[in-house]
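What follows is calculated from the coordinates using simple rules that are stated; it is not laboratory data. A quick note: this is a predicted structure, and the numbers were derived from the prediction, not measured. Here the Cβ positions follow ideal geometry from the backbone for every residue, glycine too, while neighbour counts run over all protein chains shown.
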Amino acid sequence: MAVRARGVEFGWGMAISGRTRWGACTAALALAAGAAQAQTAQKPSGATPTAVAPATIRSHGDDTRAKLDHIQREVDGTKLTVGKKSSVALLDQQPEIPDQSVRGLFVHTPGLVTGEASSATQIDLAYRGLSGQPGSQDVLVLQDGLPISADFMGAPALAWLPFAQGLAQVQTLRAGSGLVYGPQAVAINLLSRRPQPGEPLNFYTEQAGGSDGLWSSWNALEGTSGDLDYRADLGWTRSGGWRANSASGIGQTDAWLGWRPAKGQLWYLDLQAYRASADDPGPMGLAQFDAAPKASLTPYDHDWLSRSAATLGTELDLGQGWRLEGKLRAADQDLDQRSAGEITPGAPPPAAATLQDALFRSEDADVRLSKRWGHGNALTFGVEAAHDDAPLRQWIGQDLTAGQGDHAGAVATLRQARSSDYAAIFAENVFRLPHRIHIVPSVRFEHERIGVEETIKPVGLTRPLIDARATRDTPLFGLGIGNDFGNDNETYVSVSQGWRPLRFFDLASPFTNPPPRSADASRSLSWEGGVHGTPVRGLFYDASLFWIEVKNRVETEALNTIDYVNVNTGDTRNRGFEGEVVYDFWASRSDHAHLSAFSSLALLDARFVRSSLPGEVGRVPAYAPHVLAKAGLTWRRDKAWDLSLAAVSVGSQFFQDSDQPAGEGPSFVPAKIPSYALLDLSGDWWITPRVRLLGGVRNLGDERYYSQALQTGLVPAARRTAYAGLALAF
């Protein structure tokens with residue numbers, strides 16, 4: 001299938017790499033299967049296998065329905081979130097997002113800043129001043145518990161997000177997330193929709209159109225048949241874009257098959273494919289933004305993304321309070337770029353374009369066990385492992401419209417073989433003590449190895465070919481303490497360690513002359529203390545104070561006009577407040593109608609406290625706004641209507657750690673990104689139980705703003721846009 005949008009074309013298909021290395025991972029799942037069979041081997045011949053489901057702890061007030069609308073389960077399968085700050089956004093309690101708005105997807109996620117990038121293959125998220133420059137992602141994003149960045153160790157930039165219509169929840173875990181998922185200080189897990197046991201066959205289709213040539217289509221079929229669960233969905237969007245050279249086309253298809261041979265046992269296969277083709281209008285200077293924000297200075301730049309993945313997984317209740325969850329995944333991701341650079345208006349076309357191909361061939365394994373024991377205690381432990389082959393290649397060619405993978409007549413200017421290996425073992429336990437107190441100690445040991453071997457280097461560089469490797473072994477520890485008090489309230493205090501993995505460009509940048517060298521690991525220590533709860537019907541609140549110390553922060557240091565290197569420059573201290581309140585005014589009504597107000601506030605004070613760079617101490621890190629506020633009102637009735645008005649206000653922020661402007665003349669970029677406030681209106685209306693109208697307006701106030709800037713320019717954000725559509729259910 002192919003989709004074209006104003007000259008943008010992409011095709012897609014499922015192509016799972018045959019070069020996977022699943023031996024050890026398959027053995028792990030085989031052991032799990034053996035454990036499940038051992039639980040039923042003692043039953044008489046012909047008896048139906050059964051499993052004992054873990055008991056829900058009621059004496060501590062956890063996991064009430066009211067709390068689960070806002071935070072994760074305290075013992076969430078084989079993961080522990082008790083004693084940590086977590087939040088949940090239920091997407092079926094807000095209108096659909098057919099335009100795939102990143103801001104709309106995360107509007108109920110406190111503290112998270114979403115950037116407006118220039119291309120659909122660039123997703124920028126910032127949190128508590130830890131993310132640095134766009135593309136250097138320090139927010140770990142997962143789908144169903146597995147990272148979705150290209151290489152979450154060596155190249156963690158996020159280039160895609162799954163379609164919002166295929167998601168059920170947005171789960172966010174702060175502070176102690178590094179001991180649950182990985183080394184980052186915050187983790188966002190996007191939970192996919194799945195058929196419920198016993199669900200009949202049903203089909204859903206949604207078609208919408210809107211501003212700038214937007215067309216969106218989403219189609220899903222799911223149901224159950226005996227022991228089998230199944231779901232398949234197909235979606236695509238295309239848009240001409242609001243700027244010149246900003247057209248895009250995105251497609252996604254998923255197929256999920258689950259098998260439940262006995263109660264408490266699930267085996268499943270999940271196949272995914274994602275394709276994106278997007279023009280890149282690029283940045284511009286402030287004067288250009290004031291004069292012609294819809295213009296593009298990079299009319300020949302274009303990005304392509306192709307991704308395929310297959311996941312084999314299991315969820316098994318093994319009896320006696322034991323549970324096992326395991327996932328094996330193989331994924332191929334290909335990110336191609338064509339760049340001809342900026343062109344002065346009226347100037348002739350450039351003579352050549354750079355074609356870049358970044359491939360990622362990865363295999364991942366995540367196997368976890370948990371044991372419920374005693375009176376509400378729970379132990380969880382497991383292993384994670386990943387391997388990635390990530391070759392990077394570049395060519396110079398004269399075809400300014402070359403398509404994806406079209407290198408005919410181009411000259412190779414860069415070729416690197418890159419690889420990364422990651423492994424982690426971890427364990428956590430929640431101890432329930434008298435007086436409704438709980439303590440959660442955690443430990444995690446991580447191993448990282450990356451390598452870069454170069455066979456072609458860019459012309460003009462005098463250094464030898466790169467052949468570099470680095471290994472890091474990092475222990476992490478954490479501790480959470482909490483107390484349940486009153487009517488469904490809980491205090492929580494957590495302290496946890498984290499670190500920044502070494503990245504390919506940290507080890508050896510291919511575009512400069514300095515020889516490879518490995519910066520020391522950037523370590524962090526996060527403290528968070530707060531209280532949350534649902535003390536009265538319809539009310540949820542969460543308020544916390546946090547303090548994050550980052551040691552040996554890695555920054556880019558310029559050695560001269562052409563050479564630079566990533567080095568340890570100093571330490572930062574990030575502290576602040578994060579709070580959230582949600583109140584349903586109609587919670588006591590029996591007609592399934594709700595009128596809910598939500599608001600969140602994040603206050604941040606981030607500073608450099610030590611630095612080897614002159615004048616850096618006391619400065620504010622990049623993308624660390626002092627204030628971030630989100631608020632809104634939702635009026636809904638189940639299967640009748642859903643109307644939401646949401647506001648996001650972001651304070652001014654520096655775009656680089658030096659707190660200095662960049663460029664001169666028409667290319668001048670101010671040091672600060674000005675504050676901005678946005679208002680979004682969206683709604684669904686069920687004409688009948690099976691027919692629904694949907695629509696919305698983004699940036700209702702037509703705010704003129706930008707949320708991202710680089711040394712080469714700022715990136716204008718979209719003004720007011722609107723969409724409308726029709727959805728049918730069968």
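A few remarks follow.
- The protection proxy used here, the mean number of other Cβ atoms lying within 10 Å of each residue, ranks peptides 183-193, 467-477, 618-628, 481-491 as follows, highest first: 183-193, 618-628, 481-491, 467-477.
- Computed from phi, the 3J(HN,Hα) profile of segment 422-427 under the Karplus parametrisation 6.51, -1.76, 1.60 (θ = phi - 60°) reads 9, 8, 8, 10, 8, 7 Hz, with x in place of Gly and Pro.
- Cβ-based charge dipole, segment 420-466, positive-most Cα from 458, 420, 438: 438
- Annotation: amide H of residue 146 has no partner in the under-5 Å range at sequence separation 5 or more or interchain, hydrogens built in the peptide plane.
- Net charge, residue 473 excluded, C-beta distance under 9 Å - Lys, Arg +1, Asp, Glu -1: -1
- 3J(HN,Hα) along segment 458-475: x, 5, x, 7, 9, 6, x, 4, 7, 8, 9, 9, 8, 10, 9, 10, 10, x Hz, from the Karplus curve 6.51 cos²θ - 1.76 cosθ + 1.60 with θ = phi - 60°, whole Hz, x for Gly and Pro.
- Residue-span extension gain [residue 477 to residue 633] - 0.36 nm each, minus C-alpha spacing: 52.2 nm
- Neighbourhood net charge (12 Å Cβ-Cβ; Lys/Arg +1, Asp/Glu -1) for residue 626: +3
- Whichever aspartates and glutamates have a C-alpha closer than 18 Å to that of residue 294, once near sequence neighbours (fewer than 8 apart) are set aside: 116, 212, 279, 280, 342, 702, 703
- Rounded to whole Hz, the Karplus (6.51, -1.76, 1.60) HN-Hα couplings of segment 587-592, x for glycine and proline: 4, 8, 6, 9, 9, 6
- Rounded to the nearest 20 debye, the dipole size of the chain about its Cα centre is 1040 debye, using +1 on the Cβ of Lys and Arg and -1 on the Cβ of Asp and Glu.
- Nitroxide proxy distance, nm - points 7 Å out along Cα→Cβ at residue 587 and residue 257: 4.4 nm
- Cut-off under 5 Å, modelled amide H: who pairs with residue 318 long-range: 323, 324
- For segment 408-487, the list of GluC sites (Glu not before Pro) that fall in a loop by DSSP and count at most 12 other C-beta atoms within 10 angstrom is empty.
- Within a straight-line Cα-Cα reach of under 15 Å, residue 67 can be paired with the following aspartates and glutamates, leaving aside sequence neighbours fewer than 8 residues apart in one chain: 76, 484, 488, 490, 542, 580, 584.
- Each of 241, 663, 186 was scored by the projection of its Cα onto the charge dipole of the chain, and the greatest displacement toward the positive side belongs to 186; charges sit on the C-beta of Lys, Arg, Asp and Glu.
- Tilt relative to the chain, helix 23-40 - C-alpha long axis, 0 to 90 degrees, to 10: 10 degrees
- Near residue 556, once Lys and Arg are set to +1 and Asp and Glu to -1 for all other residues with Cβ below 12 Å from its Cβ, the sum equals -3.
- Taking Cα extents along the principal axes in Å as calculated from this structure, the corresponding entry among (i) 78, 57, 51; (ii) 165, 72, 66; (iii) 101, 75, 53 is (i).
- From the alpha carbon centroid of segment 259-317 to that of segment 404-438 is 17 Å.
- Protection-proxy order for peptides 358-367, 119-128, each taking the mean of Cβ atoms within 10 Å per residue, highest first: 119-128, 358-367
- Among the listed pairs 327/371; 84/263; 263/371; 79/371; 85/672; 79/551, those beyond 22 Å (Cα-Cα): 84/263; 85/672; 79/551
- Gap separating the Cα centres of segment 210-254 and segment 323-390, nearest whole Å: 21 Å
- Under 5 Å, built H, 5+ apart or other chain: amide partners of residue 285: 714
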